[in-house]
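Step one of this worksheet: look at the structure below.
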Amino acid sequence: MAKRILIVEDDDDIASIERDYLEVGGYEVTVEENGTAGLAEALTGDYDLILLDIMLPGMDGWGVLGKIREESDV
């Protein structure tokens, strides 16, 4: 089973590059474009790693990180 990675990144170009390289490496990748959607996905999905941008629309990365840490050990 492939390791699962969540990318929370609002810049489409950066997210695409990250996703492409990770998928070539055999990872299963999900991308969310804002902090609110990223947080919801992080808390409902079963991820091995989360790549989190800090400057995000909706909720900044620090806020997302704090909420994830309350619920998960990813």
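Name, by its number, the condition in (1) at pLDDT 95 or above; (2) open to solvent by less than 50 Å² (accessible area, probe 1.4 Å) that does not hold for S72.
(1)
Give me the residue from segment 49-58 that is among the aliphatic types (A, V, I, L, M), surrounded by fewer than 19 Cβ atoms within 10 Å (Cβ to Cβ) and out of contact with any Lys or Arg (no Cβ under 8 Å at 6 or more places or on another chain) and, out of that set, nearest to E23 (Cα to Cα).
For segment 49-58, the residue satisfying everything is L51.
Any idea how many residues of segment 37-48 are in contact with a Leu (Cβ under 7 Å, 6 or more places away or on another chain) and open to solvent by 30 Å² or more (accessible area, probe 1.4 Å)?
1
Among the residues in segment 19-31, are any under 17 Å from I68 (Cβ atoms) and either more than 10 Å from the chain's Cα centre (by Cα) or open to solvent by less than 50 Å² (accessible area, probe 1.4 Å) (or both)?
Yes, because at least one residue in segment 19-31 is under 17 Å from I68 (Cβ atoms) and either more than 10 Å from the chain's Cα centre (by Cα) or open to solvent by less than 50 Å² (accessible area, probe 1.4 Å) (or both).
The values are calculated or read from the model by the stated rules, or taken from the named source; none is laboratory data. All figures in this text were calculated on a predicted structure; none of them were measured in a lab. Reconstructed Cβ throughout: ideal geometry from the backbone, glycine too, with neighbour counts over all protein chains shown. Side chains are part of the model used for accessible areas, which takes the heavy atoms of the whole protein and leaves out ligands, DNA and RNA. Shrake-Rupley method; radii C 1.70, N 1.55, O 1.52, S 1.80 Å.
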